[in-house]
Each structure stands twice: as C-alpha cells, then as structure tokens.
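Working notes for the structure below.
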Amino acid sequence: MSATSPIPPPPPETLVTRAESVVSHSPSRWVLLARDHTVQVIAALAVLGNVALFIYLGLRFDALPDLITLHFDSSGLPDRIEAKSSIWGVPTIGSIVLVINTVVGIVLHSRERAATILLLTGALLAQILLWLAVHSIVGGWW
C-alpha cells in the first residue's frame, strides 16, 4: 500500500447524519430557574412578604391583648377568640403556602413556566391577604 492510496469510505450503515451526531443537552432545572428573572422576583417578593409579617408580629406581639379576635361571623360579631399566641398561625399558614407553591413550581418550571409563575403569584397574593388579615386582627400598622 502506498502513501497516496485513498482510504475507503465507511460502510453506509455506520454513517451518522449530522443531526444524529449532535447530542442535545437541555439546561438543568436550576440553570433555567437562575435565568428566569420573573420567577426570581415573584418568589423574592413572596418570601420578603412572609418574613416581614413574622417580623411585624414579633415587634407588635407584646402590645397585643392576651385574648384576640381571630374571626368574625357574617353579622360582624366575634366568633373565634383565642390567646394572642395563636396569631402566629397566620404567617405560618403563609409559610406553608409559600413552600408548597415554590416546590411544585420548581418541579414544573422546566416543562411549564407559566404554571410556576401562577403558583408563585398565588403565594405572593396569599402573603398580601395574610397581611390584610393581620392588619384587621391587630389593628393599625404600628
């Protein structure tokens, strides 16, 4: 065999098209989340709202009366009066909603970004509603 003889082509069954030879790697779930600034902003606002609610209640807790009204009936009369320590249930509910919506949103994000935005927006709206609830229970902002 001489140095100038051509190399025979491979058999046709071993030929791979260019599209088949390119391995497509989709970004990981965490990379997609790191790139999605809308999701980050909504999640940060929801977390900030929940943490701020805990801080607010911590600052106001000593000034609360020993018994507080947590619920009113349809005629506006109190129907649930409990110890002031039960007020911590309100931001705790917000934390539970936030954690569940965030976990489900992270799982769904790579397949359905809109679902993640909807879940996190729901968590943010829950924090806003809980702030309004605390405001009506505690009375006044400061």
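Taking the conditions exactly as written (in contact (Cβ under 8 Å) with a residue 40 or more places away in the chain, under 17 Å from Leu125 (Cβ atoms) and touching a Phe, Trp or Tyr at 6+ places or on another chain (Cβ under 9 Å)), does Gly105 satisfy them or not?
Values: in contact (Cβ under 8 Å) with a residue 40 or more places away in the chain: yes; under 17 Å from Leu125 (Cβ atoms): yes; touching a Phe, Trp or Tyr at 6+ places or on another chain (Cβ under 9 Å): no.
Judged against the criteria, Gly105 is not a match.
Which one is farthest from Trp30 (Cα to Cα) among residues in segment 122-142 that are surrounded by fewer than 18 Cβ atoms within 10 Å (Cβ to Cβ) and under 18 Å from the mean Cα position of the chain (by Cα)?
Out of the qualifying residues, it is Leu129.
Give segment 69-102 a look and list any residue that's outside any helix (DSSP H, G or I), free of Cβ contacts under 8 Å to residues at least 24 places away in the same chain and either closer than 13 Å to Val134 by Cβ or not small (Gly, Ala, Ser) (or both), or say none. Please lay out each step first, then the result.
As a first pass, look at segment 69-102 and keep what is outside any helix (DSSP H, G or I): 69-83.
Still in the list and also free of Cβ contacts under 8 Å to residues at least 24 places away in the same chain: 71-83.
Matches in segment 69-102: His71, Phe72, Asp73, Leu77, Pro78, Asp79, Arg80, Ile81, Glu82.
Looking at (1) exposed (fewer than 10 other Cβ atoms within 10 Å of the Cβ); (2) at pLDDT 90 or above; (3) more than 30 Å from Ile137 (Cα to Cα); (4) not β-branched (Val, Ile, Thr), find the lone condition where Ala115 falls short.
(1)
Would you pick out the residues in segment 35-68 that are touching a residue at least 24 places away in the same chain (Cβ under 8 Å) and over 30 Å from the mean Cα position of the chain (by Cα)?
Leu64, Ile68
Being touching a Lys or Arg at 6+ places or on another chain (Cβ under 9 Å), of a type outside the set (D, E, K, R), over 23 Å from Thr102 (Cα atoms) and surrounded by fewer than 16 Cβ atoms within 10 Å (Cβ to Cβ) is the filter here; which residues of segment 25-69 pass it?
Result: Phe61, Pro65, Leu67, Thr69.
Quick one: count up the residues across segment 108-138 that are outside any helix (DSSP H, G or I) and in contact with a helix residue (DSSP H, G or I) (Cβ under 6 Å, 6 or more places away or on another chain). First the steps, then the outcome.
Taking segment 108-138 as the starting set, the residues that turn out to be outside any helix (DSSP H, G or I) are 110-112.
Next, from what is left, pick out any that are in contact with a helix residue (DSSP H, G or I) (Cβ under 6 Å, 6 or more places away or on another chain): 110.
The qualifying residues number 1.
The values are calculated or read from the model by the stated rules, or taken from the named source; none is laboratory data. Computed from a prediction, not measured in an experiment: that's the story for all the values here. Glycine gets a Cβ as well: all are built from the backbone with ideal geometry, and neighbour counts include every protein chain shown.
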